[in-house]
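For reference, the structure I am asking about is given below.
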């Protein structure tokens, strides 16, 4: 079955049966010109940043390169400078921690219409894996009004699916008991993997993993152990939470094309890369009211897939995100390591529920493994680009610390 996201894009763009790669790009570029004009007329940051941009010259994707980038640091420095609506029209403000910064946290603002578009996309994306009459347990976020879990619950209701919000896992036994009987579980990769390796008897029909990088080793283990279909979602607060979702084929993310324009650029030069080339994901929000973002550097590494999806979808998709450029750690031996490659290796180890990693010096990794059996340290040394030391202990992923990373001394 063709991903419902494609039909959603056809309806929300108004292109309907005329939807194609060419008509979609033309529509998106029209929205880019409108977004640039809206942003520079309504917020201080873009009024200055985009003052000299001739929007009539934005006729192709390549022309986007004439527009300067927006960086996370710009938002962190003065988030209110990005706001385009009166305070009374702000429905939600999300604060994001910014490691290494002594200033205020990065804040992302949403209007009611911005959140409505997120609910609308969530409803479409979830219809890939559940249908009317089924049930979902949301094992992430919180019950707070307009939280991700709350928005997802509202979206599921629209497609006739019941749901409950459990929130992020804090106790494995309680979470496993709560998850019994649900058709679909939504959660964070490390937390869901921990549950699966704690109890292999759960039988959800599907699992959606989101909010962090998803190792292939985790997907394989969940599918083989719980006999379920695993889907993954790509998004961030800056995209309005929803960004793209896999279909049954599992080959890339079907994108939120009616609300986002994605570019892939060389992370060093900033030049656009052709489809199929790995680079940094750059996004432009097309219809945001409260806080539009123009050519925002996400730091995520991925590529665009243009070959039609096995599901029959014809639109470009975003391939599996390979991690973040900021998470690459350069070692003294000239090699590098990142948490995403490490996760792939570690979670493929039978019986490993979780682990933590700390870089000692600049060329040695201390691994603390939560496992019932000893790790093959020599095999790990062959796979990793640095010296390692292994110790054993309980390492639960339920810390509320956000995305996984390698700790630095």
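The values are calculated or read from the model by the stated rules, or taken from the named source; none is laboratory data. Note that the structure is predicted; figures quoted are calculated from it, not measured. For neighbour counting, all protein chains shown are included, and Cβ atoms are generated from backbone atoms with ideal geometry for every residue, glycine included.
Quick check, is residue 227 modelled with pLDDT of 95 or more, out of contact with any strand residue (DSSP E or B) (no Cβ under 9 Å at 6 or more places or on another chain) and either outside the structural domain of residue 34 (by TED's automatic domain parsing) or within 16 Å of residue 118 (Cα to Cα) (or both)?
So residue 227 passes the test.
Another question, then. Return yes when residue 47 is at pLDDT 95 or above, part of a helix (DSSP H, G or I) and in contact with a helix residue (DSSP H, G or I) (Cβ under 6 Å, 6 or more places away or on another chain) and no when it is not. Walk me through how you get there before you give the answer.
On the way: at pLDDT 95 or above: yes; part of a helix (DSSP H, G or I): yes; in contact with a helix residue (DSSP H, G or I) (Cβ under 6 Å, 6 or more places away or on another chain): yes.
Against the criterion (at pLDDT 95 or above, part of a helix (DSSP H, G or I) and in contact with a helix residue (DSSP H, G or I) (Cβ under 6 Å, 6 or more places away or on another chain)), residue 47 qualifies.
Please state which of the following conditions residue 110 fails to meet, knowing it meets all the rest: (1) surrounded by 13 or more Cβ atoms within 10 Å (Cβ to Cβ); (2) part of a loop (DSSP other than H, G, I, E, B).
With respect to (1) surrounded by 13 or more Cβ atoms within 10 Å (Cβ to Cβ); (2) part of a loop (DSSP other than H, G, I, E, B), residue 110 is out only on (2).
Among the residues of the range 310-328, which ones are part of a strand (DSSP E or B) and modelled with pLDDT of 90 or more? Let's see the steps before the verdict.
So the first thing to find is which residues in the range 310-328 are part of a strand (DSSP E or B), and the list is 317-318, 324.
Across the range 310-328, the qualifying residues are 317, 318.
Among what's in the range 215-224 and is touching a strand residue (DSSP E or B) at 6+ places or on another chain (Cβ under 8 Å) and without any contact (Cβ under 8 Å) to a residue 60 or more places away in the chain, pick the residue that is farthest from residue 134 (Cα to Cα).
In this case the residue turns out to be 219.
Restricted to the range 174-189, and to residues that are in contact (Cβ under 8 Å) with a residue 12 or more places away in the chain and part of a helix (DSSP H, G or I), which residue is nearest to residue 204 (Cα to Cα)?
Selected residue: 179.
For (1) in contact with a strand residue (DSSP E or B) (Cβ under 7 Å, 6 or more places away or on another chain); (2) buried (at least 22 other Cβ atoms within 10 Å of the Cβ), each residue gets a yes or a no:
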| position | (1), (2) |
| --- | --- |
| 145 | no, no |
| 153 | yes, no |
| 159 | no, no |
| 165 | yes, no |
| 170 | no, no |
| 174 | no, no |
| 177 | no, no |
| 180 | no, no |
| 193 | no, yes |
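Give me the residue from the range 195-214 that is outside any helix (DSSP H, G or I), more than 21 Å from the chain's Cα centre (by Cα) and touching a residue at least 12 places away in the same chain (Cβ under 8 Å) and, out of that set, surrounded by the most Cβ atoms within 10 Å (Cβ to Cβ).
For the range 195-214, the residue satisfying everything is 204.
Could you check the range 50-66 and list, in sequence order, the residues that are in contact with a strand residue (DSSP E or B) (Cβ under 9 Å, 6 or more places away or on another chain) and either at pLDDT below 95 or buried (at least 18 other Cβ atoms within 10 Å of the Cβ) (or both)?
Correct list: 64 only.
Here is a follow-up. Please specify each residue of the range 132-160 satisfying the condition of being assigned to a loop (DSSP other than H, G, I, E, B), under 15 Å from residue 208 (Cα atoms) and without any contact (Cβ under 8 Å) to a residue 60 or more places away in the chain.
141
Looking at the structure I just gave you, is residue 285 at pLDDT below 95, within 27 Å of residue 64 (Cβ to Cβ) and surrounded by 18 or more Cβ atoms within 10 Å (Cβ to Cβ)?
Criteria not met by residue 285.
Find the residue count for the range 333-362, including only residues that are under 16 Å from residue 194 (Cα atoms), assigned to a loop (DSSP other than H, G, I, E, B) and in contact (Cβ under 8 Å) with a residue 40 or more places away in the chain.
Of the residues in the range 333-362, 5 are under 16 Å from residue 194 (Cα atoms), assigned to a loop (DSSP other than H, G, I, E, B) and in contact (Cβ under 8 Å) with a residue 40 or more places away in the chain.
Take the range 122-149 and flag every residue that is at positive phi and modelled with pLDDT of 95 or more.
133, 146
Could you grab me the full set of residues in the range 260-287 that are assigned to a strand (DSSP E or B) and over 20 Å from the mean Cα position of the chain (by Cα)? Reasoning before the result, please.
Of all residues in the range 260-287, those assigned to a strand (DSSP E or B) come to 260-265, 272, 279-285.
Answer for the range 260-287, where residues must be assigned to a strand (DSSP E or B) and over 20 Å from the mean Cα position of the chain (by Cα): just 272.
Can you report the number of residues in the range 50-63 which are assigned to a helix (DSSP H, G or I), closer than 22 Å to residue 266 by Cα and out of contact with any helix residue (DSSP H, G or I) (no Cβ under 7 Å at 6 or more places or on another chain)?
The total comes to 1.
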